[in-house]
Amino acid sequence: MMLRYLFDTDFCIYVMKNKPASLAPVFSQLSRQIAISSVTAMELIYGAEKSAQVTANMEKLESFLARLTVLDYDLAAARQTGIIRAQLATKGMPIGAYDLQIAGHARSENLILVTNNQREFSRVPGLVIDNWLERVPNFSLNEPSPAYS
(Lines give C-alpha, C1' and ligand atoms only; values in the text may rest on other atoms or scores of the structure.)
Protein backbone atom coordinates (compact mmCIF):
# COMPACT_ATOMS: atom_id res chain seq x y z
CA MET A 1 0.00 0.00 0.00
CA MET A 2 1.28 3.44 -0.93
CA LEU A 3 1.78 6.25 1.58
CA ARG A 4 -0.71 9.12 1.17
CA TYR A 5 -0.69 11.04 4.45
CA LEU A 6 1.86 12.65 6.75
CA PHE A 7 0.58 13.36 10.25
CA ASP A 8 1.63 16.59 11.92
CA THR A 9 2.67 16.42 15.58
CA ASP A 10 -0.57 17.88 16.90
CA PHE A 11 -2.56 15.30 15.02
CA CYS A 12 -0.50 12.41 16.39
CA ILE A 13 -1.37 13.60 19.89
CA TYR A 14 -5.10 13.59 19.08
CA VAL A 15 -4.86 10.01 17.80
CA MET A 16 -2.82 8.82 20.80
CA LYS A 17 -5.34 10.40 23.19
CA ASN A 18 -8.20 8.86 21.16
CA LYS A 19 -9.92 12.25 20.88
CA PRO A 20 -12.21 12.30 19.13
CA ALA A 21 -12.91 8.57 19.32
CA SER A 22 -14.21 8.65 15.75
CA LEU A 23 -10.59 8.88 14.54
CA ALA A 24 -9.64 5.42 15.86
CA PRO A 25 -11.34 3.34 13.15
CA VAL A 26 -10.04 5.64 10.40
CA PHE A 27 -6.51 5.44 11.80
CA SER A 28 -6.76 1.64 11.96
CA GLN A 29 -8.11 1.39 8.43
CA LEU A 30 -5.56 3.74 6.88
CA SER A 31 -2.48 3.17 9.07
CA ARG A 32 -0.52 1.65 6.18
CA GLN A 33 -1.03 4.86 4.22
CA ILE A 34 0.07 7.12 7.09
CA ALA A 35 3.59 8.26 7.89
CA ILE A 36 5.20 10.78 10.18
CA SER A 37 8.42 12.68 9.76
CA SER A 38 11.37 11.89 12.00
CA VAL A 39 10.99 15.57 13.00
CA THR A 40 7.52 14.74 14.35
CA ALA A 41 8.92 11.68 16.13
CA MET A 42 11.48 13.95 17.83
CA GLU A 43 8.75 16.34 18.98
CA LEU A 44 6.66 13.46 20.35
CA ILE A 45 9.65 11.93 22.17
CA TYR A 46 10.47 15.32 23.67
CA GLY A 47 6.88 15.69 24.90
CA ALA A 48 6.88 12.24 26.48
CA GLU A 49 10.30 12.76 28.08
CA LYS A 50 9.32 16.05 29.72
CA SER A 51 5.98 14.70 30.96
CA ALA A 52 5.16 13.66 34.51
CA GLN A 53 4.63 10.04 33.38
CA VAL A 54 7.67 9.39 31.19
CA THR A 55 7.55 5.58 31.18
CA ALA A 56 3.82 5.31 30.46
CA ASN A 57 3.93 8.00 27.78
CA MET A 58 6.99 6.51 26.08
CA GLU A 59 5.29 3.09 25.99
CA LYS A 60 2.18 4.65 24.46
CA LEU A 61 4.34 6.51 21.94
CA GLU A 62 6.31 3.39 20.96
CA SER A 63 3.04 1.52 20.39
CA PHE A 64 1.78 4.37 18.21
CA LEU A 65 5.02 4.59 16.20
CA ALA A 66 5.00 0.84 15.54
CA ARG A 67 1.74 1.21 13.60
CA LEU A 68 3.01 3.60 10.95
CA THR A 69 6.00 4.54 8.85
CA VAL A 70 8.54 7.02 10.21
CA LEU A 71 10.26 8.80 7.32
CA ASP A 72 13.82 10.01 7.80
CA TYR A 73 14.29 13.72 7.19
CA ASP A 74 16.61 13.69 4.19
CA LEU A 75 18.23 15.99 1.65
CA ALA A 76 15.08 16.19 -0.50
CA ALA A 77 13.13 17.32 2.57
CA ALA A 78 15.88 19.82 3.43
CA ARG A 79 15.72 21.26 -0.10
CA GLN A 80 11.95 21.74 0.09
CA THR A 81 12.28 23.25 3.57
CA GLY A 82 14.84 25.76 2.31
CA ILE A 83 12.63 26.70 -0.64
CA ILE A 84 9.57 27.11 1.59
CA ARG A 85 11.50 29.18 4.13
CA ALA A 86 12.71 31.54 1.41
CA GLN A 87 9.20 31.83 -0.09
CA LEU A 88 7.64 32.63 3.28
CA ALA A 89 10.42 35.03 4.30
CA THR A 90 9.93 36.97 1.06
CA LYS A 91 6.23 37.34 1.92
CA GLY A 92 6.94 38.17 5.59
CA MET A 93 4.95 35.10 6.70
CA PRO A 94 7.33 32.80 8.60
CA ILE A 95 6.21 29.65 10.41
CA GLY A 96 7.83 27.72 13.26
CA ALA A 97 11.06 25.84 12.55
CA TYR A 98 9.65 22.35 13.14
CA ASP A 99 6.47 23.12 11.19
CA LEU A 100 8.70 24.35 8.38
CA GLN A 101 10.61 21.04 8.36
CA ILE A 102 7.41 18.98 8.48
CA ALA A 103 5.95 21.01 5.58
CA GLY A 104 9.14 20.53 3.57
CA HIS A 105 9.07 16.82 4.30
CA ALA A 106 5.42 16.50 3.21
CA ARG A 107 6.12 18.38 -0.03
CA SER A 108 9.26 16.36 -0.78
CA GLU A 109 7.31 13.10 -0.39
CA ASN A 110 4.19 14.46 -2.17
CA LEU A 111 2.01 13.56 0.83
CA ILE A 112 -1.14 15.16 2.23
CA LEU A 113 -0.35 16.77 5.58
CA VAL A 114 -3.02 15.92 8.16
CA THR A 115 -3.06 18.66 10.79
CA ASN A 116 -5.26 20.78 13.00
CA ASN A 117 -2.85 23.68 12.49
CA GLN A 118 -4.10 25.17 9.24
CA ARG A 119 -3.18 28.68 10.40
CA GLU A 120 0.53 27.90 9.99
CA PHE A 121 0.49 25.35 7.22
CA SER A 122 -1.96 27.14 4.92
CA ARG A 123 0.80 29.71 4.28
CA VAL A 124 2.96 27.09 2.54
CA PRO A 125 2.61 27.21 -1.25
CA GLY A 126 1.89 23.85 -2.85
CA LEU A 127 1.33 22.01 0.43
CA VAL A 128 -1.82 19.91 0.47
CA ILE A 129 -3.39 19.84 3.95
CA ASP A 130 -6.39 18.11 5.45
CA ASN A 131 -7.93 18.37 8.92
CA TRP A 132 -9.61 15.15 10.02
CA LEU A 133 -10.94 16.88 13.15
CA GLU A 134 -13.17 19.13 11.05
CA ARG A 135 -14.25 16.32 8.79
CA VAL A 136 -13.56 12.80 9.98
CA PRO A 137 -12.87 10.84 6.81
CA ASN A 138 -15.55 8.46 5.71
CA PHE A 139 -14.08 7.27 2.47
CA SER A 140 -12.92 3.98 1.05
CA LEU A 141 -9.26 3.27 0.45
CA ASN A 142 -9.80 3.91 -3.27
CA GLU A 143 -11.46 7.32 -2.98
CA PRO A 144 -9.32 10.44 -3.02
CA SER A 145 -9.18 12.47 0.16
CA PRO A 146 -11.09 15.74 -0.11
CA ALA A 147 -7.94 17.59 0.93
CA TYR A 148 -7.26 21.17 0.07
CA SER A 149 -4.15 23.26 -0.40
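The values are calculated or read from the model by the stated rules, or taken from the named source; none is laboratory data. Small disclaimer: the values here were computed from a predicted structure and weren't measured. Virtual Cβ from ideal backbone geometry, glycine too; neighbours counted across all protein chains shown.
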Do we find a residue being polar (S, T, N, Q) and under 14 Å from Ala106 (Cβ atoms) anywhere in the stretch 40-47? yes
Taking the condition of being more than 12 Å from the chain's Cα centre (by Cα) and not small (Gly, Ala, Ser), how many residues in the stretch 78-108 meet it? 13
In the list Ser22, Ser37, Ser31, Ser108, which residue meets the criterion of being closer than 24 Å to Leu127 by Cα, among the polar types (S, T, N, Q) and at pLDDT below 95? Ser31
Within the stretch 1-45, count every residue that is assigned to a helix (DSSP H, G or I), free of Cβ contacts under 8 Å to residues at least 40 places away in the same chain and of a type in the set (D, E, K, R). 1
Has the stretch 113-126 got any residue that is farther than 19 Å from Ser28 by Cα, at pLDDT 95 or above and of a type in the set (Phe, Trp, Tyr)? yes
Kindly establish whether Ile95 is crowded, with 17+ Cβ neighbours inside 10 Å, in contact with a helix residue (DSSP H, G or I) (Cβ under 7 Å, 6 or more places away or on another chain) and assigned to a loop (DSSP other than H, G, I, E, B). yes
Which of the residues that make up the stretch 47-80 are among the basic types (Lys, Arg) and either loosely packed, with under 11 Cβ neighbours inside 10 Å or assigned to a loop (DSSP other than H, G, I, E, B) (or both)? Lys50, Arg67
Residue in the stretch 98-116 that is among the aromatic types (Phe, Trp, Tyr), in contact with a strand residue (DSSP E or B) (Cβ under 8 Å, 6 or more places away or on another chain) and surrounded by 12 or more Cβ atoms within 10 Å (Cβ to Cβ) present: no
